[in-house]
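The values are calculated or read from the model by the stated rules, or taken from the named source; none is laboratory data. Fair warning: this is a prediction, and the values are worked out from it, not measured in the lab. We place every Cβ from the backbone using ideal geometry, glycine too, and count neighbours over all the protein chains shown.
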Amino acid sequence: MDLRLCHLYPDLLNLYGDRGNITTLRQRAQWRGIGVRLVEVRLGEPIDPQAHDLFFIGGGEDRQQRLAAPDLCRVKGAGLREAAEAGAAVLGVCGGYQLLGQYYRPADGPDLEGVGLLDLHTVHPGPGTRRLIGNIVIREASGGVRLVGFENHGGRTYLGPKARPIGTVVAGFGNNGEDGSEGAVWRAVYGTYLHGPLLPKNPWLADRLITLALRRRYGEVTLEPLPDVEEQYAAEVAAARSGAAGRP
Amino acid sequence: MRELAAIAAARLATAASRGLRLGGGTTLPGRIALAVAPRIVSTLSHRLPRGVVVVSGTNGKTTTARLLGGILDAAGLAAIHNRAGANLLSGVAAALVEQASVTGQPRGEVGLFEVDEASLPGVVGATRPRVVILLNLFRDQLDRYGEIDLVAEGWRRALAAMPDDGTLVYNVDDPLVADVGREYGGRRLGFGLDDAPRRGDDHRAPEHAADARYCYRCGRPYEFSLVTLGHMGHYRCVACGTRRPVPDVRASGVLLRGADGASATITAGRDVMSISTTLPGLYNVYDATAAVAGALTLGVTGATIERGIAATAPAFGRGERVTVDGRETLFLLAKNPAGFNEVLRTVLLADAAPVLVIAINDLIADGRDISWLWDVDFEMLRGRARAIVVTGLRAADMALRLKYAGVDSAAVTVERDGAAALERARGMLRDGERLYVLPTYTAMLHLRAALTRQGYVRGFWKQ
């Protein structure tokens, strides 16, 4: 059994330790004896929708985002959509999250078209406005599980009716700093502003993505649990640094 | 008259701050002086007979300023420094007022200021420097500085305020810095490394931590014939022809002697200098080359430069050696991925199975976002580090990073208290072994303060 992992724009969208998400997925599969096939796909290269079951897109600065956006729509868009509709898992973080939506309206210049896997759009309210920066803790909408991370974004994201948030903000800003929502989910497509990076301190989400990816190819799969002592300790410390310790 | 009042008020603040044991008193006097006389930096720096040199960049500001200070010492030129990392406009103001007579005359011939990347426009505007040295631009503290392109934009703005006879000394090996240099219309001097010792991994691929792999002009990936560290090296863009400018001051024959130092030959026109320093690591070769270029701009000559570099001791926490209970402890400040990778390489070059303390804080001066730990190649330590004690406010994140790097968990200990971490790691040393301490900025201050209390090192403001 192999986890077929596709890292999009590894050298372009790699802010904020995004590589740590790949490291985490790979290690957590290998610790359970699951093989990992990692393919890195760069600018100009199309996606084979059958070849990968879990796609990851990290964040970038405005310049890198402008390079990636047209490539994601025109070169990779059809393949990525086909894979997602067939049940492949997708994770976009920060800039990658914004690109999964309908469009990104920057502080200046024309709108950047997104790939439209998630029903949302993002608006940068202007060069003088405050970036949303700091430690963040959210509660997952469905199971009440906690996610910890760090956010740093100028854009404000607003969800449409076809996407639901990953969770609600306990401490921090989230999608837009107004409505208390954070992230977006549609089928097995996840987008979030949480880096830190996201997966090492939230191993349950890493395991959920691995499970979704394996199910697409192998049917029902149950992962054996891992001890996760260091993971839980680091998540506790991160929650305490956010000022959210002891909150429900 | 206002400036004399500012000097008096700042002096009082310095004395009070140290008397009350509030610390080094390195920025408060400057803030007070600026409040009393907002143009104090401009007024006092214009009285320096040989003008001002400003050093900026992500990594190496303190060490480069210190090396250049050592060269100026050897040349008999008295310099006014802002030491101890007080590198905002307030720190420059503090240095100027502290080292001025009560009548407002600076007690030095040249001002030598290390300046925070984001503070460069303000300081250049106020001091109108004779020389600006731009070292490198790495990803660092995104929560504080914002994106790296914004910092580069600030530098372009800053250089527009240079006086007509000002010289820009810039690193041609860093594509982002070279772009800033290329657009500068005044006199400029590029520096770079002609060669570098092999890293052991692919010599033509930028590290994971690289920030500038894509051409600033056309967005195509650069082709590297040599990567020295991070995204620095010999690069060109096959699409638009942008390439590394030919340096005016070049280091070649670089030899790294593990933790004991480095040497190189530096060539500038007909000047050929043999440089040897006790500062370890390739990044310090860059710093030395930058300092040489700055010294040449100020008219200092070869033999004096060689003496000055050889005589310069490490700045506090940056290659500093402290002996505790007969054991050598080497502090190697590591505050971002590119710097941390080079520090790890230096340690592994010096020691087959090192014992380390890694101290990670997430205070404002460190950057509150510790995601960057995942861009450091800690995988290098796998199967090599004999013991690692992790400490600091984010010790838990560091331990987690080491777990995913595949470092044997039996080799890793978490000890939240800094002094206890140092003691525990010292206890693991065998005869003749040295302890390597790799801290972020405030973690370094904290660990050093613990050693100061125990009487092993002097307070940093006394250096």
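Structure notes:
- Scanning the range B:256-295 for residues that are within 22 Å of residue B:352 (Cβ to Cβ), assigned to a helix (DSSP H, G or I) and hydrophobic (A, V, I, L, M, F, W, C) turns up B:259, B:282.
- Of all residues in the range B:375-396, those satisfying the criterion of being more than 16 Å from residue B:418 (Cα to Cα) and either of a type in the set (Ser, Thr, Tyr) or within 13 Å of chain A (Cβ to nearest Cβ) (or both) are B:375, B:376, B:377, B:378, B:379, B:382.
- Residue in the range B:304-312 that is part of a loop (DSSP other than H, G, I, E, B) and over 23 Å from residue B:425 (Cβ atoms) present: yes
- Counting only strands (runs of 3 or more DSSP E) wholly contained in the range A:3-114, the ones carrying 1 or more residues that are within 14 Å of chain B (Cβ to nearest Cβ) occupy A:35-41, A:54-57, A:89-93.
- Every pair of residues 6+ apart whose Cβ atoms lie under 7 Å, when the first sits in the range B:214-237 and is touching a residue at least 60 places away in the same chain (Cβ under 8 Å) and more than 13 Å from chain A (Cβ to nearest Cβ) while the second is among the basic types (Lys, Arg) and assigned to a loop (DSSP other than H, G, I, E, B): B:234/B:244; B:235/B:244
- Residue B:339 being assigned by TED's automatic domain parsing to the domain that holds residue B:373, in a helix (DSSP H, G or I) and closer than 21 Å to residue B:68 by Cβ: yes
- Search result, residues across the range A:185-204 that are more than 14 Å from residue A:120 (Cβ to Cβ), more than 9 Å from chain B (Cβ to nearest Cβ) and either crowded, with 24+ Cβ neighbours inside 10 Å or in contact with a Pro (Cβ under 6 Å, 6 or more places away or on another chain) (or both): A:194, A:198, A:199, A:202
- Any hit, the range B:438-459, residues being out of contact with any Pro (no Cβ under 8 Å at 6 or more places or on another chain) and of a type in the set (Phe, Trp, Tyr): yes
- Helices (runs of 4 or more DSSP H) wholly inside the range B:33-147 containing at least 2 residues that are in contact with a Leu (Cβ under 9 Å, 6 or more places away or on another chain): B:40-45, B:61-74, B:89-98, B:120-127
- Pairing each residue of the range A:36-64 that is at pLDDT 95 or above with any residue that is crowded, with 22+ Cβ neighbours inside 10 Å and among the aromatic types (Phe, Trp, Tyr), provided the two are 6+ apart or on different chains, yields no C-beta distance under 6 Å.
- The listed residues are B:253, B:258, B:219, and the only one of them that is more than 20 Å from the chain's Cα centre (by Cα), within 22 Å of residue B:281 (Cβ to Cβ), of a type outside the set (S, T, N, Q) and surrounded by fewer than 17 Cβ atoms within 10 Å (Cβ to Cβ) turns out to be B:253.
- Whichever residue in the range B:397-415 is under 29 Å from the mean Cα position of the chain (by Cα) and part of a loop (DSSP other than H, G, I, E, B) and, among such residues, is nearest to the other protein chains (Cβ to nearest Cβ): B:405
- Those residues of the range A:120-135 which are of a type outside the set (Val, Ile, Thr), assigned to a strand (DSSP E or B) and either surrounded by fewer than 19 Cβ atoms within 10 Å (Cβ to Cβ) or touching a residue at least 40 places away in the same chain (Cβ under 8 Å) (or both), in sequence order: A:120, A:132, A:134, A:135
- Residue selected from the range A:205-230 under the condition surrounded by 22 or more Cβ atoms within 10 Å (Cβ to Cβ) and either farther than 17 Å from residue A:19 by Cα or among the basic types (Lys, Arg) (or both), by the criterion nearest to the other protein chains (Cβ to nearest Cβ): A:230
- The listed residues are B:363, B:381, B:349, and the only one of them that is over 20 Å from residue A:201 (Cβ atoms) and modelled with pLDDT under 95 turns out to be B:349.
- Only listed residue being part of a loop (DSSP other than H, G, I, E, B), surrounded by fewer than 19 Cβ atoms within 10 Å (Cβ to Cβ) and more than 26 Å from the chain's Cα centre (by Cα), chosen from B:433, B:423: B:433
- Any chance residue A:164 is more than 13 Å from the chain's Cα centre (by Cα), touching a residue at least 60 places away in the same chain (Cβ under 8 Å) and closer than 10 Å to residue A:118 by Cα: no
- Residue count, the range B:145-160 (criterion: at pLDDT below 90 and surrounded by 17 or more Cβ atoms within 10 Å (Cβ to Cβ)): 7
Yes/no per residue for (1) free of Cβ contacts under 8 Å to residues at least 40 places away in the same chain; (2) in contact with an Asp or Glu (Cβ under 7 Å, 6 or more places away or on another chain); (3) among the small types (Gly, Ala, Ser); (4) not assigned by TED's automatic domain parsing to the domain that holds residue B:279:
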position	(1), (2), (3), (4)
B:352	yes, no, yes, yes
B:358	no, no, no, yes
B:361	no, no, no, yes
B:384	yes, no, no, yes
B:407	yes, no, no, yes
B:413	yes, no, no, yes
B:418	no, no, yes, yes
B:426	no, yes, no, yes
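- Meets criteria (touching a strand residue (DSSP E or B) at 6+ places or on another chain (Cβ under 8 Å), more than 14 Å from chain B (Cβ to nearest Cβ) and either assigned to a strand (DSSP E or B) or of a type outside the set (Ser, Thr, Tyr) (or both)) for residue A:138: yes
- Failed criterion for residue B:320 (all others in (1) closer than 25 Å to residue B:264 by Cα; (2) touching a Pro at 6+ places or on another chain (Cβ under 6 Å); (3) part of a helix (DSSP H, G or I) hold): (3)
- Tally, over the range B:414-447, of residues that are in contact with a helix residue (DSSP H, G or I) (Cβ under 8 Å, 6 or more places away or on another chain) and over 24 Å from residue B:369 (Cβ atoms): 5
- Check on residue B:344, away from chain A (no Cβ under 14 Å) and surrounded by 24 or more Cβ atoms within 10 Å (Cβ to Cβ): yes
- Leading residue by the ranking (nearest to residue A:191 (Cα to Cα)) among those in the range A:109-129 that are hydrophobic (A, V, I, L, M, F, W, C) and at pLDDT 95 or above: A:118
- Extreme residue, farthest from residue A:115 (Cα to Cα), among residues of the range A:50-104 that are buried (at least 24 other Cβ atoms within 10 Å of the Cβ) and of a type in the set (Val, Ile, Thr): A:93
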